[in-house]
Each structure stands twice: as C-alpha cells, then as structure tokens.
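S.K.: Mind looking over this structure? Questions follow.
The values are calculated or read from the model by the stated rules, or taken from the named source; none is laboratory data. It should be emphasised that the depicted structure is a prediction, and the values quoted were computed from it without experimental measurement. Don't worry about glycine lacking a Cβ; one is built from the backbone with ideal geometry, like all the others, and counts go over all protein chains shown. These area figures cover heavy atoms from the full protein model, side chains too; ligands, DNA and RNA do not enter into them. Shrake-Rupley method; radii C 1.70, N 1.55, O 1.52, S 1.80 Å.
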Amino acid sequence: MSEVSFEQMLNEEGSLNQIRTGAVVKGTVIGVKENEISLNIGYKADGIITKNEYTNDASVNLTEVVHVGDEMEVKVLKVNDGEGQVALSYKRLAQDRGSKVLEEAFENKTVLTAKVTQVLSGGLSVIVDGVRVFIPASLVSDGFERDLSKYADQEIEFVIIEFNPKRRRIIGDRKQILVERKAEMQKALFERIEEGMIVEGVVKNLTDFGAFIDLGGADGLLHISEMSWGRIESPKKVFKVGDTVEAFIKEIKGDKIALSMKFPDKNPWANAEEKYAVGNVVTGKVARMTDFGAFVELEAGVDALLHVSQISRAHVDKPADVLTIGQEIEAKVVDFNPDDKKISLSMKALEVEAAPVEE
C-alpha cells in the first residue's frame, strides 16, 4: 500500500481544501473581546481576528462594533497561528478590494469621493475601502492654499493619477477636476453674459484697488472707482470676502470682465442741475480739506468746492482753522458746471444776506 501524504489526508477531509493562506472565507462571529474576534468558519479550528487585523483605528472597541451572530467575510493569513487556530484578517480583505477599486479607477480615470481623514503639512490623506490615498497640497485646489485645515473631515472628489501599491504610493488629484469644471463653467458663462447685463456674484478676494467677484466660472473685477457714485476709501471698508454683490458688466475684453455698481439710474448727477442750481441754499458735510479750500459732500457722488475765500466774511488763512472733517455746513451755490461736474459754494454769501441792512 502506497504512502498517503499529509497534504492528501487534509484534502480528503473536504473542508480543509478551501482553508489555505490567502483564501477568502465567510464566518459567523461566536465571540468578541475588546481586542479579538472569534469566528466560526466551518473548519475544525476557529478563526481569530486581532484588533490590528480588523482596523487601523486604535480607538475602536471591538465589542461596540462587532456582535455575536454577525457574518463576516475575511482573508486567511495562517491556517495555524501556532495555537491551533486560524489567523484571519478583515482589514486586509477590505484593502485588497479597495486596491482593486483604485486600480480600476486609475485605469478608467474615474472620479472618486472620500472623506479626508488626515490633514498633513504636505497634503491630504483619504481612505478608499481601507486603502490610503495621498493628495499633495499642490493638487488639492486650482489655486494656492496655505491652510488646508478647512478640508478636515470633508468629503472631496479626486482622480487617481499614480497607482503603485507595491511601493504604497497611490496619489490622488483634485485640482484637475476643479480646472476642468471651471473651464466648462467659464465657457457657459461667456456664452451667457454681455455688456450692460446685471449679474450677481460672491466677493472672492479684496485688494487696495478693488474686489474680485466670483461670477461662477470666471472672476470679474469691481474697481474701487466703480463701487459707488460716492468716494470709497478702501474696498475692505465696504465689502468682506463671502459677500453677495449685484453689479452690471461694464466691459468684456477677452477673458477679462470689468464690473460696476455705478448704476445709471442712481447717478446723482442726473438731476443735480435742478437740485444744485445757482442760488440754491444746500447743506453738506466737509469731506476733505486743502490749503485753498474744503470739499463738501452734498450727497454720495456729488462734491462741491468751498474756496477758502468763500468760508467767511472774516479772513481765513486755512479751511482747517475754522472747519473740521465731518462738520455739517450750510452754503449757497454760486457756480454749477454740469459738463465738468463742478459745483462751487459760498458760506460768505449767506452771511452777507443775513447781515442787517443799514438805514
């Protein structure tokens, strides 16, 4: 009688031919400890999953996430772990499947979605079916971002641009998705807009000379001189990032969009000739001063000059000697030039009129 090898004996038992290293088996949980799961896998020995082979999260308590009676699919690490039990892994099976998903996504350029699990100095880390994907800081956005902390625990979209599981190097790219979508939105925006159209956008960035408004596909520049009919000292005193702004398109030049909030129907000079006709008495606030006179704001966008010689019947060396910024004054219009948008005032003229008449 020929000798029967040990391997043949195992195969004759039927159940053993499927329990081999690397095999995927199903089992039922028969016991759960804080750091270990026992599984009935239909074999003469039970299977054991340690906490390290269940998850990478050290804070997980197995008794809270796994219960007796649960069915699990796992990967066989060792048929005999040295104590007569089968060493199993839940984590590695998930990683194997996750790796397959990522490989297919890499080949097909599929857009994936995952939650950011770690914000690192050099980028973001996400987990896809148990597999870590790294997104470098330069590929997180279509613009430079110094602080990536806002992405913590956020779900983001990305594509896989490098897949090398042997070197544990799987790289994701979010930037190209944003660039492609922005290009599509930009094309659609320019097909829709025209000069004179009123648009709504969100303040994206503020500078000393103006505000960049996100119109959904392209930014429009709202120059400080176009923010109001009145005088603006600084865009940052009027707007903040995130504000919604309504403006009209003043000019489209190539891919540049110039915006304005100086709506024609709100032009204060439209009826200024009647309101500020020569001889009318008006009130206004001193806005700024020079040695030769004071500029008085009659309303937003309409300034008038009060020459130093017209401040008082008494001699005045400098306007600052008798006037202060923000002071409200009353004066008479002595000159109105609609073409140059210039108005001249006189406080002295009112003093003359108010002076008693000598008999």
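S.K.: Where does the chain land at 222 nm, in deg cm²/dmol rounded to the nearest 500, when only DSSP H runs of n ≥ 4 count, each adding -39500 (n - 2.57), divided by all residues?
M.R.: -4500 deg cm²/dmol
S.K.: A follow-up question, please. When Lys and Arg each count +1 and Asp and Glu each count -1, what net charge do the other residues less than 10 Å away from S260, Cβ to Cβ, add up to?
M.R.: Around S260, the charge tally is 0.
S.K.: Once R0 is set to 22 Å, what does the formula 1/(1 + (r/R0)^6) return for the Cβ-Cβ distance between A183 and A137, expressed as a FRET efficiency to the nearest 0.05?
M.R.: 0.50
S.K.: Now a separate question. Not counting the cut sites, what is the longest span of the chain without trypsin sites (Lys or Arg not before Pro) that DSSP labels loop and that have at most 15 other Cβ atoms within 10 Å?
M.R.: Result for the longest clean stretch: 241-312.
S.K.: Then there's this: Protein chains only, probe 1.4 Å: how do L112, L306 rank by accessible area, largest first?
M.R.: Ranked list, largest accessible area first: L112, L306.
S.K.: Something else now. What spacing in nm lies between the two simple spin-label points modelled at E83 and T290, each 7 Å away from Cα in the Cβ direction?
M.R.: So the label points at E83 and T290 sit 9.2 nm apart.
S.K.: To continue, here is another question. Enter the angle in degrees (range 0 to 90, nearest 10) between the Cα long axis of helix 175-192 and the first principal axis of the Cα atoms of the chain, meaning the one along which they spread out most.
M.R.: 40 degrees
S.K.: Further question: Report the percentage of all Cα-Cα pairs in the chain whose separation exceeds 30 Å, rounded to a whole percent.
M.R.: 65 percent
S.K.: Sorted by accessible area with a 1.4 angstrom probe, largest first, how do M197, M185 fall?
M.R.: The ordering from most to least exposed comes out as M185, M197.
S.K.: Where does the charge balance sit around K250 when Lys and Arg score +1, Asp and Glu -1, over other residues with C-beta under 9 Å from its C-beta?
M.R.: Combined, the nearby Lys, Arg, Asp and Glu give -2.
S.K.: Which chymotrypsin sites (Phe, Trp or Tyr not before Pro) in segment 71-176 pass both tests, a DSSP loop state and at most 10 other beta-carbon atoms within 10 Å?
M.R.: F144
S.K.: Additional query: Note down the nm distance, to one decimal, between modelled labels 7 Å out along Cα→Cβ at R92 and at E34.
M.R.: 2.6 nm
S.K.: Of K26/K109; K78/K166; K150/K250; K266/K348; K240/K266, which pairs sit farther than 30 Å apart, going by alpha carbon to alpha carbon?
M.R.: From the list (K26/K109; K78/K166; K150/K250; K266/K348; K240/K266), the Cα-Cα distance tops 30 Å for K26/K109; K150/K250; K266/K348.
S.K.: Give the cross-link partners of K342 among the lysines, using a straight C-alpha distance below 17 Å as the criterion and excluding same-chain residues fewer than 8 apart.
M.R.: K275, K285, K332
S.K.: So how exposed is I41, as accessible area in Å² (1.4 Å probe, rounded to 10)?
M.R.: Number for this one is 20 Å².
S.K.: OK, next. On the principal axes of its Cα set, how long, how wide and how thick is segment 97-228? Give whole Å, largest value first.
M.R.: Projected onto its principal axes, the Cα set of segment 97-228 covers 60, 31, 19 Å.
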